[in-house]
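So the structure is just underneath, and the comments pick up after that.
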Amino acid sequence: MMKKQAIIVANWKMHKTAAEAASFIKAVAASVQDGAPDSLLFAVPFTAIQAAVDAASGSSIKIGAQNMHEAEQGAYTGEISAAMLHEAGASFVILGHSERRRLFGESDVRIRAKVKRALASGLRPLLCIGETLEEREAGEIEQVLERQLESAFEGLSYLELERLLIAYEPVWAIGTGLSATPSMAQEAHRICRAFLEKFGAGFVPLLYGGSVKAEMMRELMAEKDIDGVLVGNAALQLGSLLQIINWRNL
Ligand code: 13P
């Protein structure tokens, strides 16, 4: 049987200057140059995109952003457009991260518009979904995940759906050190997979995020519907990220 490949995405959030990003990514690129078995992506701050793209050149590492505005352009002081990100060399963009939903009031409708705009501008959306602790305790996981997926998918063609990446990030597990167990993550991924299959898009990669650490990788990746991980804290230090990248050797 062919070994499953992992998609490993680092979400740096509001960490690292352009100079810090460049030296970090050069170090990662040097250590994976002998043909990494997995895909490696970095979602970096806007100001670090160009430096990160330069640092990654010649490697298979891909660079992306963590957010964007849904309008093509306009009077939106302080915002950034998909075309700007694309020009800077981003190939993907995280959309609907729970920190954007919770701290910046992003609605499902807004996230849908962002997904549409990202696709139209040549960026691959990495759509984040996930339930809060209250929703989990109320037994609403399935409704929440399906609502978030359904809303983001509205109006997308099959060819557009095909380009998505999806991350299941239970809100209670983000930055808390409380990770979902592999079987809890698998159960949520199964729900997402079944939903995707209704659209004939069961192949869309499903990543798990929420306090991911190297020692969980083997068990997570052994789950049928987990195709990779979205990593926050553990992706900020070279040592811990390299351990995640080298998860097969742990
Ligand atoms: P942590 O890995 O720090 O929990 O962050 C997860 C996350 O939000 C990735 O997008």
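The values are calculated or read from the model by the stated rules, or taken from the named source; none is laboratory data. Here the structure is a predicted model, which is why all the values come from computation and not from measurement. Heads up, the Cβs are rebuilt from the backbone with ideal geometry, glycines too, and the neighbour counts pull from every protein chain shown. The accessibility values were calculated without ligands, DNA or RNA, using every heavy atom of the protein model including side chains. Shrake-Rupley method; radii C 1.70, N 1.55, O 1.52, S 1.80 Å.
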Q: Can you tell me how much longer the chain between GLU162 and SER31 gets when fully stretched, taken as 0.36 nm per residue apart minus their C-alpha distance, in nm with one decimal?
A: 44.1 nm
Q.
As a quick test, which of the pairs LYS62/LYS213; LYS116/LYS198; LYS26/LYS116; LYS16/LYS224; LYS13/LYS224 have an alpha carbon distance above 30 angstrom in this structure?
A. LYS26/LYS116; LYS16/LYS224
Q: Evaluate the relative contact order of region 7-249 (contact order divided by residue number), counting alpha-carbon pairs under 8 angstrom at least 6 apart; express in whole percent.
A: 18 percent
(Q) Can you compute the FRET efficiency between ASN249 and ARG190 using 1/(1 + (r/R0)^6), with r the Cβ-Cβ distance and R0 = 30 Å? Round to the nearest 0.05. (A) 0.60
Q. Chymotrypsin sites (Phe, Trp or Tyr not before Pro), restricted to region 54-125: which are DSSP loop and have at most 14 other Cβ atoms within 10 Å?
A. TYR76, PHE104
(Q) Suppose every Lys and Arg Cβ carries +1 and every Asp and Glu Cβ carries -1, with no other charges. What dipole size does region 113-250 come out with about its Cα centre, to the nearest 20 debye? (A) 600 debye
Q: Kindly provide the helix-only [θ] at 222 nm of the chain, computed as the sum of -39,500 (n - 2.57) over DSSP H runs of four or more divided by all residues, to the nearest 500 deg cm²/dmol?
A: -11500 deg cm²/dmol
Q) Using Cα pairs under 8 angstrom and six or more residues apart, how large is the relative contact order of region 136-245, in percent? A) 27 percent
Q) Largest first, how would GLU169, GLU146, GLU162, GLU154 line up by accessible area (1.4 Å probe)? A) GLU154, GLU162, GLU146, GLU169
Q) Projected onto the charge dipole of the chain (+1 at Lys/Arg Cβ, -1 at Asp/Glu Cβ, origin at the Cα centre), which of SER240, ALA48, ALA36 gives the Cα projection farthest towards the positive end? A) ALA36
Q: Mind putting a number on the dipole of the chain about its Cα centre? Charges go on the C-beta only, +1 for Lys and Arg and -1 for Asp and Glu, and I need it in Debye to the nearest 20.
A: 520 debye
